[in-house]
Each structure stands twice: as structure tokens, then as C-alpha cells.
Amino acid sequence: MADKRSRKALIAHLSDLDETYVLNAVRQLLDEGQDPLDIIEDCEHAMRLVGERYEKREYYLSALIMAGEIFREVMMISQPSMEQRLSGNASGKILLGTVQGDIHDIGKDIAQLALRCYGFAVEDLGIDVPPQKFLEHVQNNPPDIIGLSGLVTVAYESMQETTRLLRGHNKPGQAAIPIIIGGSTLSEEICRFVGADFWVTDAMEGVRICQHIVQNINRP
Amino acid sequence: MSAHCAKYKSSIIKTRKLVIACATVIEEMLPLMPSDVEHRILDFGLHTNPSKLRQALQDAIDASCSQFETIILGYGLCSQGVIGLHATGCTLVVPRVDDCIAIFLGSSSAHRHQSRFEPGTYYLTKGWIEVGDSPFSEYERMVASRGQKHADRITRLMLNNYRRLALINTGQYALEYYRDYAQRTAKQFGLKYEEIEGSTTLVKKMLNGPWDDGFIVVKPGYSIRFEDFYPNS
């Protein structure tokens, strides 16, 4: 486990958006053999601090974007070490996409990278994905989990439409593929409206739910 | 005598309407505001934090509802910032729309039409330009604080997948200055510039009624619910 001081410094510098320090520190920690999962957890902690500073209006939107970009770079750097640790079969297969009518993909892309870091195989359909396209991919290459991403309000109805279409084509007697909706404005009420199984507002929360789902699928 | 006057005065006030609106929406409402309708303006910055927006709206409602018969909210669902709002002594009226873009375009269906036509659209109005809270105004701040290279990089990320910058012309004000700003901005950031015809239909209905299916009308003692925005689901 990484030295407490260097982990604290990593969190502080990421919450200060000090990209150069963070990326150098991550490379050094990995070279020293530190667990990449610890590094990602620390970055997740720092991302929460950035969110708090944004809520206090200490930061503008650009700071959230910058923090997300640093986090993305950290995951890119950490991915080879993660793959070494997780050699073997993928943890599970995830079908991911930003729903029709929405073009935002920063959160989705971070989720995709985080899922890959944790050993999941991810098929990303991109942005503005029509419900029918999700269905075609589910039918051709059934995933373990479907992730619908969206930021703007118009996405809620698209998520609902997609969920209804997928549920409507569920084969009798076959368990429905779990659907997770993800986006920073989502809530329990929206999840109920959409008819999804889970909702998340950050990428790492999504990874944990996927791990939980896959563990249950694989349980004898 | 003075007690009688006070009672008489309060019964007159109670029949009146109050508008509580976001700084951007009020720009479109003020030119059409009847003289007997009062208004309060809330900070535009609240839209980035729905729980703070909800608290600010509830505080504004609580401070005024005893004096007015109806409070009209110049908001839409706005990241659920209006969910849970309630008034004990007056009726709340809120347009059944996603956000202010639909208010500027005149209806929820007009907003949906535009979203389907080009989902990657950044909308601007006079109010949005003047409050200066957009990736474009943030670009200037970033250039000043961290230099152009950084500002270019972050703005590219913020505008990723956006293709169109649309200025909504509601016909409520002289457009030249805002058109010039929007055209320059679109060119600077590689977006296609378009001017979209807005409409005052929804604003007029907000102020004068009728509060038909396009509105959520919440009686005293009830709360605005998420499902009120989707009555057919």
C-alpha cells in the first residue's frame, strides 16, 4: 500500500487540478509497485472534493472537466498495471452508450475506462444512440449489463424508451439483463420513471454496481 | 381605522400574482409583464446546483406566499430543482417543460423538435449571454487565469460533440449586439451558427393564463412531483 503521505498529496494535488504533479506521482507510485486500485480510489476521493468545491462555487464547470480529464489520464496510465493484475477472463461484458437526443460523453468515457481498468469488456456504442441500436447489439452479442448514459433532461425519456424496448424483447423464462442508468443529474425518481434497475451519478459507483451484479450472476 | 385599512389592503394583495424567475428567464418575461404582477429574480448560477436552487426557490416562496394568491415559477424541471416545492397559502404554477430553452422556444414540443434535429446544440439568448455563465465566457476567464493553450484544451472538451450554436430570437429585444456576439463565438469555436425563431406563447400563458396541459398547477399544501412533468408515462 502506498505511503500515507504520498497518497494524501495525490488527493490534494488532484483536487487542486495540478495535472503535472498528479501524473508524475501516479507514474512513480506504479513504478514503486503500488496497487493501481488504491491510486484510482484516491483519485475518486479527490474527484469528490472537486465536486464539493464546484458546489461551493469555488470552481467553475471547467474545473470539473479538467478534473475528469486528469482522472481519465490516470486511468490510462494505470490500465497496463491493472491488466497485469487482472489477467485472465473479463469480469463481465458491458454494453454502454449515451442515449438518443444526448451527446454528452465525458462521464460515459470515464465509466468505460474505469470498467476496463476493473477487468470488464466494454462495447461502447457512442452518443445519441437510438433504442433500436441498443436492442440490435443486445440481440447479436448479449452483454451481462447494459449501461445507459445521459446528462440532459431529454435523455430521461430516451432512457425510458430504450428500457421499455429492451424489456419488451426479453425472451420468456430468461432473466432480464440488468440496466444501469448513469449521469450526474439522475435520481431514484428518474430511475423509477425509466424502469431501470440501478442508477449512478459517478463512474466508480457504476463499477461497484457492475462488480456486485456480476458476482451474483457467477455465484453457483 | 388603521387595523381596518390593513385588513382591506391584505385582501387586495392576496388576489395578485408573483413571478419568481431565473435571471435568464426574467429577461423574456419583463417586456410582457402586466403591471399588477410582481416579480423576484433568483441568481442564474443556482442552476448548477439543483438542491441549492430548490432551497432558494422554497425560501422565496415561503417569504411571499401569504401575500399572493398565485406564484408563477419561471423555471422548468431544471435538473429537478423544482421537485418538492410547496406553498401552504397559495397556488404554484410552473410550465411543464424540461428547462428554460422550451420557455424561449414557446413549447415543450418545439424544444423536442430542435433536440431531435440537432442534439449537439448550444442555445443562447440575451439572458444567457448577459449572465456570462457559458463555456464561452468561461473560455475568457481561463485564458486570463491559465493561458490560451489550457483554455483551448478544456473548451474543446466542454464542447465535444456540439455542432451548432443557436441564438433564439424571441422578438423581445434588439438582436444586433447578441447576434454579433453569437456569430463571433460560433466562428471562434468552430460551431455552425443558426438563428432560431423563438416564441412568446408560453411566457404569455405563464403570465396571463390559461394554465392548460402545458402547466403544472399545484394547490396550496401540495408539492410539485417529478411525475407531474410526465403525465402520460
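Each value in this text was obtained by applying a stated rule to the coordinates, not by laboratory testing. Just so we're clear, the structure is a prediction, and the values are computed from it rather than from any experiment. No Cβ is skipped: glycine too gets one built from the backbone with ideal geometry, and neighbour counts run over all protein chains shown.
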- Each label point is 7 Å from the Cα along the Cα-to-Cβ direction; what then is the distance between the points at B:R40 and B:R16, in nm? 1.4 nm
- For B:I196, enumerate residues with amide H under 5 Å from its amide H, sequence gap 5+ or separate chain, H modeled in the peptide plane. B:L167, B:I168, B:N169
- Task: Measure off 7 Å from each Cα along the Cα-to-Cβ vector at B:E69 and B:S109, then give the distance between these two points in nanometres to one decimal.
- Result: 3.0 nm
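Could you size up the charge dipole of segment A:4-85 around its Cα centre, putting +1 on the beta carbon of Lys and Arg and -1 on that of Asp and Glu, and report it in debye to the nearest 20? Write out the running numbers ahead of the final one.
Numbers: 11 positive and 16 negative charges, 46 e Å.
Around 220 debye, computed over segment A:4-85.
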- Once Lys and Arg get +1 and Asp and Glu get -1 on their Cβ, which of A:M82, A:Y54, A:T20 lies farthest toward the positive end of the dipole of segment A:4-85? A:Y54
- Query: Over all residues in B:157-164, what is the mean tally of Cβ atoms on other chains that come within 10 Å of each residue's Cβ?
  - Reply: 4
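Quick check on the exposure proxy: order A:F198, B:F117 from fewest to most C-beta atoms within 10 angstrom. Numbers along the way, then the final one.
On the way: A:F198 18, B:F117 11.
Sorted ascending by nearby Cβ count, the order is B:F117, A:F198.
Order of A:L14, B:L124 from fewest to most other C-beta atoms within 10 Å?
B:L124, A:L14
Rounded, prolate or oblate: pick one for chain A, where a ≥ b ≥ c are the square roots of the eigenvalues of its C-alpha gyration tensor, a/c under 1.5 means rounded, and failing that, prolate if a/b is larger than b/c, else oblate. Don't skip to the answer; put the middle values down first.
Values: a/c = 2.40, a/b = 1.48, b/c = 1.62.
Oblate shape, in that a/c is at least 1.5 and b/c is the bigger or equal ratio.
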- Let a ≥ b ≥ c be the square roots of the eigenvalues of the Cα gyration tensor of segment B:108-197; is it rounded (a/c under 1.5), or, if not, prolate (a/b larger than b/c) or oblate? oblate
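Tally Lys and Arg at +1 and Asp and Glu at -1 over the other residues with C-beta under 11 Å from the C-beta of A:D124: what net charge comes out? Don't jump to the answer; show the numbers that get you there.
Working: positive: A:K108, A:R116; negative: A:D105, A:D109, A:E123.
In short, -1.
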- What average number of partner chain Cβ atoms lie no more than 10 Å from the Cβ of the residues making up A:59-65? 6
- Quick one: which residues, 5+ away or cross-chain, put their amide H under 5 Å from the amide H of B:F189? H built at 1.01 Å from N. none
- Under Karplus coefficients 6.51, -1.76 and 1.60, residue-wise ³J(HN,Hα) of segment A:106-117 in Hz, glycine/proline x: 5, x, 4, 5, 5, 4, 4, 5, 4, 4, 5, 4
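Just subtract the alpha-carbon distance of B:M33 and B:K187 from 0.36 nm times their residue separation and send over the number in nm, one decimal. Show your work: numbers first, answer last.
On the way: separation 154, 0.36 × 154 = 55.44 nm, distance 3.52 nm.
So the extension gain works out to 51.9 nm.
Could you work out, residue by residue across B:114-123, how many beta carbons of other chains sit within 10 Å of that residue's beta carbon, and then give the average as an integer? Spell out each step's value before the answer.
On the way: counts 1, 9, 4, 0, 1, 12, 5, 1, 0, 0.
Average neighbour count from other chains, rounded to a whole number: 3.
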- Could you give the angle, 0 to 90 degrees to the nearest 10, between helix B:135-146's Cα long axis and the longest principal axis of the Cα atoms of chain B? 60 degrees
- Charge-dipole axis of chain B as Lys and Arg at +1 and Asp and Glu at -1 on Cβ define it, positive-most pick from B:P210, B:A56, B:G106: B:A56
- chain B, Gaussian network, Cα under 10 Å: of B:A60, B:A151, B:A186, the residue fluctuating most is B:A151
- For chain A, modelled as a Gaussian network with Cα springs under 10 Å, which listed residue fluctuates most, A:Y156, A:Y54, A:Y118? A:Y54
- Considering only DSSP beta bridges whose two residues both sit in the protein assembly as shown, what percent are antiparallel, to the nearest 5? 10 percent
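How would you classify segment A:157-220 from its alpha-carbon gyration tensor, with a ≥ b ≥ c the square roots of the eigenvalues: rounded for a/c under 1.5, else prolate if a/b is greater than b/c, otherwise oblate?
Details: a/c = 2.74, a/b = 1.07, b/c = 2.56.
The shape class here is oblate.
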- Message: Explain nothing, just compute: Karplus ³J(HN,Hα) = 6.51 cos²θ - 1.76 cosθ + 1.60, θ = phi - 60°, for every residue of segment A:69-86 in order, whole Hz, x for Gly and Pro.
- Response: 5, 5, 4, 4, 5, 4, 5, 4, 5, 7, 4, x, 5, 5, 5, 4, 5, 9
- Item | 19 Å Cα-Cα reach of B:K17 towards lysines, excluding residues that sit fewer than 8 places from it in its own chain | B:K7, B:K9, B:K204, B:K205, B:K219
- Message: Please list, ordered by chain and number, the residues whose modelled amide H lies under 5 Å from the amide H of A:S149; skip anything fewer than 5 residues away on the same chain.
- Response: A:G97, A:T98, A:V99, A:G182
- Task: Within segment A:13-107, report the GluC sites (Glu not before Pro) that DSSP leaves as loop and that have at most 15 other Cβ atoms within 10 Å.
- Result: A:E32, A:E58
- Item | Pair A:E32, B:K219: separation of 7 Å Cα→Cβ label points (nm) | 6.7 nm
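In debye to the nearest 20, how big a dipole does the protein assembly as shown give about its Cα centre with +1 on each Lys and Arg Cβ and -1 on each Asp and Glu Cβ?
Computed about the Cα centre, the dipole is about 680 debye.
Considering the convex hull of the alpha carbon atoms of the protein assembly as shown, report its projected area averaged over all viewing directions, in nm², one decimal.
Working: hull surface 104.4 nm².
The orientation-averaged projected area of the Cα hull of the protein assembly as shown comes to 26.1 nm².
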- As a percent rounded to 5, the proportion of antiparallel DSSP bridges among beta bridges in segment B:108-197 is 0 percent
- Under the Karplus relation 6.51 cos²θ - 1.76 cosθ + 1.60, θ = phi - 60°, what is the ordered set of whole-Hz ³J(HN,Hα) values for segment B:91-103, x standing for Gly and Pro? 8, 9, 10, 9, x, 7, 9, 5, 6, 5, 4, 5, 5
- Query: Placing +1 at every Lys and Arg Cβ and -1 at every Asp and Glu Cβ, with all other atoms neutral, what dipole size does chain A have around its Cα centre, in debye to the nearest 20?
  - Reply: 560 debye
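Counting only other residues whose beta carbon sits under 12 Å from that of B:Y177, what net charge do I get with K and R as +1, D and E as -1?
Details: positive: B:K126, B:R179, B:R184; negative: B:E130, B:E176, B:D180.
It works out to a net charge of 0.
Please arrange B:C22, A:C43, B:C65 by counting, for each residue, the other beta carbons lying within 10 Å of its beta carbon, fewest first.
On the way: B:C22 27, A:C43 24, B:C65 20.
Neighbour counts put them in this order, fewest first: B:C65, A:C43, B:C22.
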- So how tilted is helix B:108-117 from the main axis of chain B? Cα-based, degrees 0 to 90, rounded to 10. 10 degrees
- Which of B:V93, B:L32, B:V143 sits farthest toward the positive end of the charge dipole of chain B, with +1 on the Cβ of Lys and Arg and -1 on the Cβ of Asp and Glu? B:V143
